[in-house]
Each structure stands twice: as structure tokens, then as C-alpha cells.
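Contents: one structure, followed by commentary.
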Amino acid sequence: ASFSSVSGLQNGARVEMAGVQIGTVSNITFDKEVQQAQVTLSIDKNIELSEDIIASVKTSGIIGQKYIDVLPGGSDILLEPGEEIFNTESSLDIESLVRKFIFNTENPSGK
């Protein structure tokens, strides 16, 4: 799966579906060609995932560890081992949000 940001995600992080661990993050690299993070997931071989699942980088609790949350899709076409997850959502950058909030609070007109 490709993400624009996986800030804080680490190898070995949990991959969950419906709050249950179904795998782990096995590798994180940077794809220079598309300038995105490429995350390889190792999913339990007994879990069937449809081609239209959504993989999101989430945080456990307010400041907890990052993990991948998988939302099921509705397609009848299943992903085969090694195929790519195309629907992804990157991690929320809390620092940027706080910075933006502070800046906008101090200067609400944006000038």
C-alpha cells in the first residue's frame, strides 16, 4: 500500500480489522518514483481481503503507537498475495494541526 505520510509507523506495527489483529507491517520504504511511502503488510493467510478495502494509518489512543486499520470492501474480487492496496488514508499530522490552530488563533484574519 502507498501512503503520502506514515509518520510514526514502524516495522512490526499491528494491522487490524474490526479491532482484531490480522497481521503486521513487515517493511516501510520510500518510493522515489511516486514520492510516497510504500508499506508492505503481512496478513494472516486465512484472511480474505477484497480489492476495494481501505487501509488507514491510525493512532492507538491520543498519543499511542501507529497501526494500520483495514476497512472491508464490498467487491467480490479478492486480493492475491503480493497485490497492492490502492485505497489508503495517511496518518494525521497532529503537530501540523496544532501549529495551524495556534497560528489561526493568534491571527484570525490570516494576515
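None of the figures in this text is laboratory data; all of them are computed from the coordinates on show. Remember, it's a predicted structure, so these values are computed and weren't measured experimentally. Heads up, the Cβs are rebuilt from the backbone with ideal geometry, glycines too, and the neighbour counts pull from every protein chain shown.
Which trypsin sites (Lys or Arg not before Pro) in region 1-107 pass both tests, a DSSP loop state and at most 10 other beta-carbon atoms within 10 Å?
Details: sites: Arg14, Lys32, Lys45, Lys58, Lys66, Arg99, Lys100; in loops: Lys32, Lys45.
The qualifying sites are Lys32, Lys45.
For region 67-81, just list the computed ³J(HN,Hα) in residue order, Karplus coefficients 6.51, -1.76 and 1.60, θ = phi - 60°, integers in Hz, with x standing in for Gly and Pro.
My calculation for region 67-81 gives 8, 9, 9, 10, 9, x, x, x, 6, 7, 8, 9, 6, 8, x Hz in order.
How much of the pair distance distribution for the chain lies past 22 Å, counting alpha-carbon pairs only, in percent? Kindly include the intermediate steps, with their values, before the conclusion.
Details: 2311 of 6105 pairs.
Summing the P(r) tail past 22 Å for the chain gives 38 percent.
When the chain is fully extended, how far beyond the present Cα-Cα distance does Phe86 get from Ile63, taking 0.36 nm per residue of separation? Show your work: numbers first, answer last.
Numbers: separation 23, 0.36 × 23 = 8.28 nm, distance 2.71 nm.
Net length gain for the segment: 5.6 nm.
Can you give me the long-range amide H partners of Ser26? Hydrogens built in the peptide plane at 1.01 Å from N, cutoff under 5 Å, separation of 5 or more residues or another chain.
Answer set, sorted by chain and number: Gly12, Thr40, Leu41, Ser42.
Report the one residue of Gln10, Gly74, Ser42 whose Cα lies farthest in the direction of the positive end of the charge dipole of the chain (charges on C-beta: Lys and Arg +1, Asp and Glu -1; origin at the Cα centre).
Gln10
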